[in-house]
Amino acid sequence: MGNGDEPLSGTLASHLPRSLKRLWVIPAVLLLVFLVYPLIRLTATAWTADTVNALLASTLWQVVLLASVQAMLSVGLSLLIGIPIARVLFTYQFLGRGFILALVTIPFVLPTVVVALGFRSLFGDLIPNGLLLVVIAHAYINIAVVVRLVGAQWSTLDRRMEVTAATLGAGPMRIFSTITLPALRNSIVLASAVVFIFSFSSLGIVVVLGDGSGTRTLEQVLLRSTSVLLDFPTALAAAILQLIVVGLVFVISARVSRHEPRTKIILERARVRGPQAAFVVTATCLVAVTLVLAPIASIFWASISSSGGLTTGWWSGLSDFDNARIGSPLEALGRSVGLALFTSVIAAILGGAIAIAVMSRKAIVATLALIPLGVSAVTLGLGILLAFSRGSLDLRGTGALIPITHALIAVPIVVAMATPSLRTVDPRRYFVALSLGAGPLRAWWTAFGTVFSGVMLAAGGLAAAVSLGEFGAATLLSRTDSPTVPVQIARLLSKPGESAFATAAVLSVILVVMTMSLLLVVDRIASRRVFT
Amino acid sequence: MSDAGLRARDLVIGYETPLTQPLNFEVGPGEILVVVGESGCGKSTLLSTLAGVTLPLRGEIYSGDRCLNDVPIHKRNIGLVFQDPLLFPHLSVIDNIGYSLRASGQSRDEARARSQELLDWVGLGNIVNQKTWELSGGQAGRVALARAIAAKPAVLLLDEPYSALDSPTRMRLLADVKNLVGLEKIPTIHVTHDHGEAQLLATRTLTW
């Protein structure tokens, strides 16, 4: 019986140590308390006749329409850029391929306000704030989604299909339109759905690069209704509408996807032969590298330049920069790092317990853990704030609200990483260890320990990266005098003057370096210990 | 219908290093040249080179008097059947068969009429609109063969087709191949490591 074989996995579930089998109760209770209860609390608090009025009012529907148009344009541009890159990276084998693939993944993990600052800095007055800039920034962030999803399917596309079509008389364009594209349809549909949802519910980008009216999203309405207008019914209506749209997009994408047997083969990538292929590969890689690095380089440039020329003053002056409404950048850095560490510990423990629960076939826990995918960060933050701000449940003074929210946002990613990794372990190892006299817990650790500890470390790192860059919930939950770095960057960008912009650039460079370092560590752990 | 045949002159195949000595062979209309050899000897590379997927290291390939060396795959007028049927999963059975006819500019109705004729010929006239993944291995093999010969190729290349099927089904399909290429007078090159198969099909054999 093979690796991850279903019947054996079922047997494993029933043979797991009793203590592990009961472990599911802990994440279930934690998720019920910190995820389900806040959402119920939010609904109970905000659901009034005004919520219904807000749901029926044209204002929110106008936002839905505008955000849908923006999201569709973002999908179009992401596909236009991502598909050619996916083709080159997943159908050719060449030196530096892994590096380019890692490089195009960077925009997806960069904090959104950093990306926004990159484009503001790159285009200056050339492209003013508005729809075009928002769409470009969304496409930039989502190139990785298209490349990874479409590329993964492209790598399983049997190239002999295209050869067969060619022998049947089809030229390159006809092959692409009648064989390749239909074969990639499911991944293109899925990538489009994911990009649409990300762009539709965008916050950091539209706050910094939007024009205030034509680029609004429901997430922005939600944040403004909550933190400025204190209009909870409208906030709840926006959250409900957002949930409906996200759900609809997933339903539509599932219906549009073609249901056919999945190809399981992973084909060897072709070597680059001939001048034409060499040109295509080189040109595509150059374009990809330029696209990815230009905004980042632009931020770095902004952090070392001033109207008087090159300077290190913005860096050395970081400790002196203080503004009552913005706060100290160094303190914000310390705060963000502390919160990220706290988040990583919570997410790793919670994620690990959920992964074990999934092994024990407690599907309810996995389902609960996926809820944050459909609920926006601001909604989640608002629920947490309402649920834990009074009486004996007042956690506002503990500094735990942001890490709890960030951990909940990171949990679906952690579970998505942990569950398949644990499935790569042959369950027979567990039974072999048992047969050699190990007790159930020791046998479990012998079989799964290496992968499990690797998953926890990697998950903790990922959660820390999520926390470092998260903007929406942090805006809502951080106090005016104690912002996180992304919140402070957004505040700096709302101020006029070279100093504020350059200080935001310095903070962004630090955030980029910290995020990238974390992801490098995660990648190393994952490649060495997890996906063996 | 082809009456020209395919000819290789001093053909050396391989990727960076030659897999063979210079090969010289010819296959005429309705003939089946069976290439027999062990796994890894370059049989599939030979077909891949004749089809235009791989460039020859040396030598020429002719279809009649026309040198094919610089002709792109889609203009070589070749039918190619791999070990797996490789039917296009998003197209129906009949649209798979009519693919080459549509690519050559025929109308949908014309393509369907010819495809139906071929489907009837291979005994599958009743599965016109079936999904390709619902077909049995034998049915998929027949559809792949019908698709390869629909546009009356100048040469048919068979790369150990049906090797994944059970022996009786494979033998029935190979008998179909023999009848069909004889009837349509298509020069055919078939590679296999199975000497029994070679005996069943071959007009001539080639080994190296």
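Give me the extension gain from residue A:159 to residue A:181: residue separation times 0.36 nm, minus the current Cα-Cα distance, reported in nm with one decimal.
6.6 nm
Could you give the angle, 0 to 90 degrees to the nearest 10, between helix B:108-121's Cα long axis and the longest principal axis of the Cα atoms of chain B?
Long axis of B:108-121 versus the principal axis of chain B: about 80 degrees.
Of the listed peptides B:95-105, A:499-509, what is their order by residue-averaged count of other C-beta atoms within 10 Å, with the highest listed first?
Put in order of decreasing packing, that is A:499-509, B:95-105.
Would you tell me the mean number of C-beta atoms belonging to other protein chains that fall within 10 Å of each C-beta in B:63-75, as a whole number?
2
What is the calculated FRET efficiency for residue A:436 to residue A:337, with r their C-beta to C-beta distance and R₀ = 30 Å, to the nearest 0.05?
Taking R0 as 30 Å, the efficiency between residue A:436 and residue A:337 is 0.10.
What translational diffusion coefficient, in µm²/s and rounded to a whole number, does the Stokes-Einstein relation yield for the range A:18-159 at 25 °C and a viscosity of 0.890 mPa s, taking the hydrodynamic radius as the Kirkwood radius over Cα pairs?
127
So for the range A:303-404, averaging the separation of alpha carbon pairs under 8 Å that are six or more residues apart and normalising by length, what relative contact order in percent results?
The normalised contact order for the range A:303-404 reaches 17 percent.
Starting from the Cα gyration tensor of the range A:52-303, take the square roots of the eigenvalues, sort them a ≥ b ≥ c, and report rounded, prolate or oblate (rounded when a/c is under 1.5, otherwise prolate if a/b is larger than b/c, else oblate).
Oblate.
If we count other beta carbons within 10 Å of each Cβ, what is the order of B:15, B:62, fewest first?
Taking fewest neighbouring Cβ atoms as first place, the list is B:15, B:62.
So how many Lys-Lys pairs in the protein assembly as shown land under 22 Å Cα to Cα, not counting same-chain pairs under 8 apart?
Counting lysine pairs in the protein assembly as shown gives 7.
Once amide H atoms are placed 1.01 Å from N in the peptide plane, what residues at a sequence separation of 5 or more from residue A:157, or on another chain, have their amide H within under 5 Å of its amide H?
Hits under the 5 Å cutoff: none.
Based on C-alpha coordinates, I'd like the Rg and Dmax of the range B:6-206, in Å.
Expressed in Å, the Cα Rg and Dmax of the range B:6-206 come to 16.5, 48.
Estimate the FRET efficiency between residue A:315 and residue A:56 by the formula 1/(1 + (r/R0)^6), using the beta-carbon distance for r and 51 Å for R0, to the nearest 0.05.
0.45
Tell me whether the range B:105-208 comes out rounded, prolate or oblate; compute the Cα gyration tensor, take square roots of the eigenvalues as a ≥ b ≥ c, and use a/c under 1.5 as the rounded threshold.
Taking the square roots of the gyration eigenvalues as a ≥ b ≥ c, the range B:105-208 is oblate.
Where the centre of each part is set by its Cα atoms, how far does the range A:95-143 sit from the range A:402-416, in angstrom?
Between the Cα centres of the range A:95-143 and the range A:402-416 lies a distance of 24 Å.
Hey, got the dipole for chain B? About the Cα centre, +1 on K and R Cβ, -1 on D and E Cβ, debye to the nearest 20?
340
Could you put A:173, A:417 in order, starting from the residue whose Cβ has the fewest other Cβ atoms within 10 Å?
Listed from fewest to most nearby Cβ atoms, that is A:173, A:417.
State, in angstrom, two size descriptors of the protein assembly as shown derived from its alpha carbons: Rg to one decimal place and Dmax to the nearest whole number.
Looking at the protein assembly as shown, its Cα Rg and Dmax stand at 30.9, 94 Å.
If we count other beta carbons within 10 Å of each Cβ, what is the order of B:65, A:426, A:394, fewest first?
B:65, A:394, A:426
Tell me, how many Å apart are the Cα centres for the range A:330-368 and for the range A:150-229?
If we compute the Cα centre of each part, the gap is 29 Å.
Scan chain A and note any complete DSSP helix (H) whose C-alpha atoms cover at least 30 Å along its axis and whose Kyte-Doolittle average is 0.5 or more.
Span-like helices in chain A: A:58-91, A:131-156, A:232-256, A:274-303, A:329-359, A:401-423, A:440-469, A:498-525.
Using +1 on the beta carbon of Lys and Arg, -1 on that of Asp and Glu, and nothing else charged, what's the dipole of the protein assembly as shown about the Cα centre, debye to 20?
In debye, rounded to 20, the protein assembly as shown gives about 1020.
Counting every Cα pair in the range A:409-532, what percent are over 18 Å apart?
Percentage above 18 Å: 64.
Counting only other chains, what is the mean number of Cβ atoms within 10 angstrom of the Cβ of each residue in peptide B:141-149?
Neighbouring Cβ atoms belonging to other protein chains average 1 per residue here.
Take the alpha-carbon centre of the range A:435-484, take the same for the range B:136-208, and report the distance between them in whole Å.
57
Relative contact order for the range B:64-208: what is it in percent, counting Cα pairs under 8 Å that are at least 6 residues apart?
Relative contact order for the range B:64-208 comes out at 29 percent.
Whose amide H sits under 5 Å from the amide H of residue B:35, counting only residues 5 or more places off or on another chain, with H placed in the peptide plane?
Those qualifying (amide H under 5 Å, at least 5 residues apart or on another chain) are B:190, B:191, B:192, B:206.
Within a 10 angstrom radius of each residue's Cβ in B:99-105, how many Cβ atoms of other chains show up on average? Whole number is fine.
5
Taking amide H positions as placed in the peptide plane 1.01 Å from N, state which residues far from residue B:23 in sequence (5 or more) or on other chains have amide H under 5 Å from it.
Amide H neighbours of residue B:23, under 5 Å, 5+ apart: B:10, B:11, B:12.
Only bridges with both residues in chain B count here: give the DSSP antiparallel percent, nearest 5.
Roughly 45 percent of the beta bridges in chain B run antiparallel, per DSSP.
Distance from a point 7 Å along Cα→Cβ of residue A:450 to each backbone N in the range A:493-528: keep the residues under 12 Å and list them by number.
A:528
Between residue A:25 and residue A:395, take the C-beta separation as r, use R0 = 30 Å, and let me know the FRET efficiency to the nearest 0.05.
Calculated transfer efficiency: 0.85.
Counting each pair of different Cα atoms once, what's the Kirkwood radius of the range B:54-107 in Å, rounded to one decimal?
13.6
Kirkwood-based Rg over Rh for the range A:305-381 (C-alpha set), two decimals?
For the range A:305-381, the value is 1.26.
Every read-out reported here was derived from the displayed coordinates using simple, explicitly stated rules and does not represent laboratory data. Since this is a predicted model, take the numbers as computed values, not measurements. Cβ coordinates were reconstructed from backbone atoms using ideal geometry, including for glycine residues, and neighbour counts include every protein chain displayed.
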